1. Scan (1) touching a helix residue (DSSP H, G or I) at 6+ places or on another chain (Cβ under 6 Å); (2) loosely packed, with under 15 Cβ neighbours inside 10 Å; (3) not aromatic (Phe, Trp, Tyr) for the single condition Gly293 breaks and write down its number.
2. Being in a helix (DSSP H, G or I), in contact (Cβ under 8 Å) with a residue 24 or more places away in the chain and over 24 Å from Pro305 (Cα atoms): is that true of Gly160 here?
3. Checking Thr425 against (1) more than 27 Å from the chain's Cα centre (by Cα); (2) surrounded by fewer than 16 Cβ atoms within 10 Å (Cβ to Cβ): exactly one of these is not met. Which one?
4. Which of (1) under 30 Å from Leu444 (Cβ atoms); (2) of a type in the set (A, V, I, L, M); (3) modelled with pLDDT under 90 does Leu122 not meet, given it meets every other one?
5. Exactly one of (1) farther than 25 Å from Leu144 by Cα; (2) among the acidic types (Asp, Glu); (3) outside the structural domain of Gln223 (by TED's automatic domain parsing) is unmet by Asp291. Its number?
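The values are calculated or read from the model by the stated rules, or taken from the named source; none is laboratory data. All of these numbers come straight from a predicted model, not from anything done at the bench. Cβ: placed from backbone, ideal geometry, glycine included. Neighbour counts: every protein chain shown.
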Amino acid sequence: MKKLLATALAALLMTAGCVSVAPLPTPTNQPTSTPGQPPTPTATLAPPTATPSPAPSVSAGPGGTPPTSPPQTPRASVDPTLAAQIDAVTATVPAVRELRATADVPYEFISRDQFRNDLLELVDEDVPVEVRAAEERLLKHLGLLPADADMEALMVELYGAQVAAYYRPDNGRFYIIERDQPFGASDKIVVAHEYTHALQDQHFDLEAKQIKDPFEGDAALGQLAMIEGDATLTSQLWASENLTPEEFFELLTEALGGLDQDPLEGMPLILRRQLEFPYVEGSLFVNGLYDQGGYDAVNEAIQAPPASTEQILHPEKYAAGEAPVAIPLVDFSASLGAGWSRVYEQTVGELGIQIFAGGGEEPEVSIPGLPADWPHAEVAAGWGGDRLHMYEGPNDTWLIDWQTAWDTQQDADEFSARMIELVPTFQGHVIVEPGSQPDSIHFLLANDVETMDLVQPPR
């Protein structure tokens with residue numbers, strides 16, 4: 001029953017457009033921006049992330065009483081009645097999450113236009129234009145973005161419309177995006193979600209272990225799924241204990257009213273899956289930890305976060321400590337000659353390969369916020385590790401060098417066969433061959449045969 005409630009509430013929030021983001025996505029291809037800022041719209045193969053670290057021990061209130069929250073400090077312009085509703089939520093979250101609030105957590109409302117402006121400013125300030133552009137070109141070469149797509153505009157549209165609130169670790173404050181509706185049940189759940197991030201930050205210092213390498217996107221997304229999964233679970237548990245039957249009916253009505261209006265419809269799959277993954281699969285992962293060991297197990301996982309999206313998708317691999325395989329790649333810069341340089345690199349990970357292998361196909365039945373059976377997901381399920389480099393040279397020439405490692409030769413063969421099926425979706429000349437290590441596949445994609453011949457003997 002608890003799992004049913006959890007997935008139902010996730011669906012309600014997704015269909016209502018109440019995605020809540022924190023500790024806020026740094027750009028996927030530039031995770032070194034100021035931690036805790038609103039999500040920067042460049043997340044694709046390398047996702048938004050914040051990495052937790054060890055922190056003070058968790059304890060109940062004095063005498064074993066449930067931990068409570070200190071009074072909050074809303075912005076002065078917040079209506080007192082609305083402030084009282086928010087404070088009523090934040091006062092009850094610590095007991096649910098079993099973490100004492102150690103400091104005040106102010107909040108304020110901002111307009112959606114202001115939020116979009118913040119996104120645009122962060123793009124300009126925090127993400128090098130050349131890195132954003134290189135990632136966009138990569139995704140187009142791989143057939144993951146339409147040739148005429150503007151990734152930055154798509155990300156601003158996606159996050160600008162879907163984010164309902166966010167928490168900033170740099171100032172310990174959370175922000176609620178104003179909407180033209182009365183403050184209702186879904187808003188309370190969003191507040192509970194964001195306040196959970198504040199508790200995480202106070203006890204586990206969300207910035208301390210944040211991944212600084214801009215090209216470790218898969219690990220970053222695995223960690224983000226842990227953080228968002230915890231906040232999603234906590235907000236669901238909070239709702240089950242604190243919402244009235246009338247408020248649950250309100251949530252149901254709101255969700256049913258939006259089922260035929262998927263807010264993510266029309267977005268490239270690579271973008272929408274990366275937005276949903278931390279909440280949907282992350283919630284399932286954390287639910288499993290909670291079922292096994294309560295919040296003690298969740299706290300341990302925050303301090304030793306998943307190393308990959310594979311560990312989120314297959315929790316038994318997290319439990320077994322099955323880390324991604326290190327992939328050595330030869331630097332082709334010298335072989336390619338004058339004017340060539342490596343402009344992008346990334347670990348795609350199991351989720352990225354799952355999206356890639358899908359070839360644009362989607363589940364026959366898919367309800368926003370709920371797990372789905374993604375076509376060809378089995379192709380990615382044997383992932384062991386990968387590394388991708390993209391080079392660019394004179395006259396718009398380019399080359400993608402991608403090495404993947406697999407658990408078994410059968411897994412490697414399955415991936416190879418699917419890549420060959422997808423050849424018509426790629427731009428350029430393709431080679432799929434056995435890799436340099438056992439159970440590995442080497443994928444090369446270049447703008448033409450002449451470019452490929454610079455690193456691969458003619459066949």
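1. With (1) touching a helix residue (DSSP H, G or I) at 6+ places or on another chain (Cβ under 6 Å); (2) loosely packed, with under 15 Cβ neighbours inside 10 Å; (3) not aromatic (Phe, Trp, Tyr) applied to Gly293, the lone miss is (1).
2. Numbers: in a helix (DSSP H, G or I): yes; in contact (Cβ under 8 Å) with a residue 24 or more places away in the chain: yes; over 24 Å from Pro305 (Cα atoms): yes.
Answer is yes for this residue.
3. (1)
4. Only one criterion in (1) under 30 Å from Leu444 (Cβ atoms); (2) of a type in the set (A, V, I, L, M); (3) modelled with pLDDT under 90 is unmet by Leu122, namely (1).
5. (3)
Listed here are the residues, each with its yes/no results for (1) in contact with a Cys (Cβ under 7 Å, 6 or more places away or on another chain); (2) assigned to a loop (DSSP other than H, G, I, E, B).
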position	(1), (2)
Ala149	no, yes
Glu152	no, no
Ala164	yes, no
Asp180	no, yes
Asp187	no, no
His193	no, no
Thr196	no, no
Glu207	no, yes
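Every residue, every condition in (1) modelled with pLDDT under 95; (2) not in a helix (DSSP H, G or I), yes or no:
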site: Glu364; (1), (2): yes, yes
site: Pro368; (1), (2): yes, yes
site: Leu388; (1), (2): no, yes
site: Gln403; (1), (2): no, yes
site: Gln410; (1), (2): no, no
site: Asp413; (1), (2): no, no
site: Arg418; (1), (2): no, no
site: Val430; (1), (2): no, yes
